[in-house]
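The values are calculated or read from the model by the stated rules, or taken from the named source; none is laboratory data. Being a predicted model, the structure only gives us computed values, none of them experimental. Here Cβ is always computed from backbone atoms with ideal geometry, including for glycine, and neighbour counts include all displayed protein chains. Side chains included, ligands, DNA and RNA excluded: accessible areas come from the protein's heavy atoms. Shrake-Rupley method; radii C 1.70, N 1.55, O 1.52, S 1.80 Å.
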4 protein chains.
Amino acid sequence: MKANYIEDLQNWESEFSFYTEIPVRFSDTDMFGHLNNTKVFVYFEDARIQYLQTLTKVMEKAEQNPDMIPVVADLQCDFVKQIFFDEKLKVYVKANSLGTTSVDLHYMGKNEKNEIVFTGRGTVVQINKRTGRPVAWSEEEKKVFLQYA
Amino acid sequence: MKANYIEDLQNWESEFSFYTEIPVRFSDTDMFGHLNNTKVFVYFEDARIQYLQTLTKVMEKAEQNPDMIPVVADLQCDFVKQIFFDEKLKVYVKANSLGTTSVDLHYMGKNEKNEIVFTGRGTVVQINKRTGRPVAWSEEEKKVFLQYA
Amino acid sequence: MKANYIEDLQNWESEFSFYTEIPVRFSDTDMFGHLNNTKVFVYFEDARIQYLQTLTKVMEKAEQNPDMIPVVADLQCDFVKQIFFDEKLKVYVKANSLGTTSVDLHYMGKNEKNEIVFTGRGTVVQINKRTGRPVAWSEEEKKVFLQYA
Amino acid sequence: MKANYIEDLQNWESEFSFYTEIPVRFSDTDMFGHLNNTKVFVYFEDARIQYLQTLTKVMEKAEQNPDMIPVVADLQCDFVKQIFFDEKLKVYVKANSLGTTSVDLHYMGKNEKNEIVFTGRGTVVQINKRTGRPVAWSEEEKKVFLQYA
């Protein structure tokens, strides 16, 4: 079964380069004995923030101007394999396509056997916290995203 | 902007009847000052479990037979409005369509002003924990789902 | 076994009047099949904030003056009984003793059978976020705390 | 201000050798802009489990015999310094004293400037999940604990 945001799995997989390593915490599990599925979105978040910090310094800008924040407009995840306590996951992120004020980020999680354990995507919009309005990416930010697209 | 799993918003909204009230915990917020978006999936989970308990006693069966569990195959959420500490949300759940071994659950969150704050969906598959294989819904379970579809 | 902050259990128990009801979320459990013990501190937090809101409007003041926040200086918990998914707990809070800039809050959790499931305590200090310095309670705040001490 | 479980801070500090590195997740923060204090107990938990795995293979035994689990009887924490997103903490654990069926574990957190950010302690009891009764440490387990005491 293939997620509708993936056209060709091998192509899609090969386009990722950025990743971050995330260890599964004991408190990330639930009474079914495996990773609680809501925690995958926590992993997305950590990987996304590190990705954005690496690429565009969006977070640093947010610190200088506390009104500017990257906001998650939507998120989705397909759970491919069960994940257990003590696994160390690699969570990959890429900018799949770029809008004027938004970016469509894709996610891929792999376990230590290099198996895909989840895939996902979600739109991030840069907004002004005070006005609630989207703010366009600068030319420099676009350039950096495109290098990784 | 409308999520791709909603054809007609008014229709879609009118089909919900089950909901559960969920208070936003302080620890559900993050340093941006609002609800951390990953927590919405925790709310989905609580609403989903209560919905399944109410409808089909899936959870009780799981307790009798610890090998049978409802597994979330995929999840998605569209974040419509910011949510803040101390809000009390109503999280609605409905069975949007029914497969042999799965059900497509839809979610809608409303704040105290009766505004939609998020919408979402996700497939739940009933699997045998030991074999990892999907297990078909019983006729009785189907009947109960259909009453609420 | 009695915690060292409890002299006489019956006395101690009888002094509580404020409580808040907290349902155990599914994601609050862990792979041992019961409530993850770290979540009890989340319950303390929710009960504490509601208690402080009720008593002294500390949180509302914090919203008016974002520099003033109640800070938890220390926390401790004794886990008396196991807690499971779907239980509805009553979490009690009382001001056990009052300092110039701090208050020693005590906590007691009870399950639906009215059994004590955990006890705890912790010091809350009111600090100025900008200076990092403690700020004395106003006479009005002291009066309100003492009514409940 | 010194916690009551620490007699001499320098001595106490010098006795730690085991530690684990824990990065502060974005979702570990709260609307006050810093680490949510309940998350420190999650860090204790991760450090404790890795410590126990390293020392006595308690967790592996638990997997072979699902009835045997280490249970946290009490926990306490003194919050010394504020902690922020993106810090990498070292969380130290040591066995401060050993009972027949329990161990008193002490915790110390340090930031990248090598400053103590929190200290803590808590009793862990080995219990049989089925009977709910404590189970004595084996001679081998005691020996391993003592090497690190």
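Observations on the model:
- For D:Q76, the test of being in contact with a Pro (Cβ under 8 Å, 6 or more places away or on another chain) and crowded, with 20+ Cβ neighbours inside 10 Å is failed.
- Any hit, the stretch C:114-128, residues being of a type in the set (D, E) and touching a strand residue (DSSP E or B) at 6+ places or on another chain (Cβ under 9 Å): no
- Complete set of residues in the stretch C:111-130 that are facing another protein chain (nearest Cβ under 10 Å) and either touching a Phe, Trp or Tyr at 6+ places or on another chain (Cβ under 6 Å) or in contact (Cβ under 8 Å) with a residue 60 or more places away in the chain (or both): C:F118, C:T119, C:G120, C:R121, C:G122, C:K129
- Per-region count, the stretch C:23-38, residues more than 7 Å from every other protein chain (Cβ to nearest Cβ) and buried (at least 23 other Cβ atoms within 10 Å of the Cβ): 2
- If the condition is being of a type outside the set (K, R) and either farther than 16 Å from C:E21 by Cα or in contact with a Pro (Cβ under 9 Å, 6 or more places away or on another chain) (or both), then the stretch C:36-55 contributes C:N36, C:N37, C:T38, C:D46, C:I49, C:L52, C:L55.
- Listed by first and then second residue, the pairs linking a residue in the stretch C:1-20 that is free of Cβ contacts under 8 Å to residues at least 12 places away in the same chain and away from every other protein chain (no Cβ under 14 Å) to a residue that is in a strand (DSSP E or B) and exposed (fewer than 14 other Cβ atoms within 10 Å of the Cβ), with Cβ atoms under 9 Å apart and 6 or more places separating them unless they lie on different chains, form an empty list.
- In summary, strands (runs of 3 or more DSSP E) completely within the stretch D:48-129 and bearing 2 or more residues that are modelled with pLDDT of 95 or more and of a type in the set (S, T, N, Q) occur at D:116-128.
- Residues of the stretch C:1-22 classified as in a loop (DSSP other than H, G, I, E, B), among the polar types (S, T, N, Q) and either open to solvent by less than 60 Å² (accessible area, probe 1.4 Å) or touching a Pro at 6+ places or on another chain (Cβ under 6 Å) (or both), total: 0
- Residues of the stretch A:120-149 satisfying the condition of being open to solvent by 60 Å² or more (accessible area, probe 1.4 Å), within 21 Å of the chain's Cα centre (by Cα) and of a type outside the set (D, E, K, R): A:P134, A:L146, A:Q147, A:Y148, A:A149
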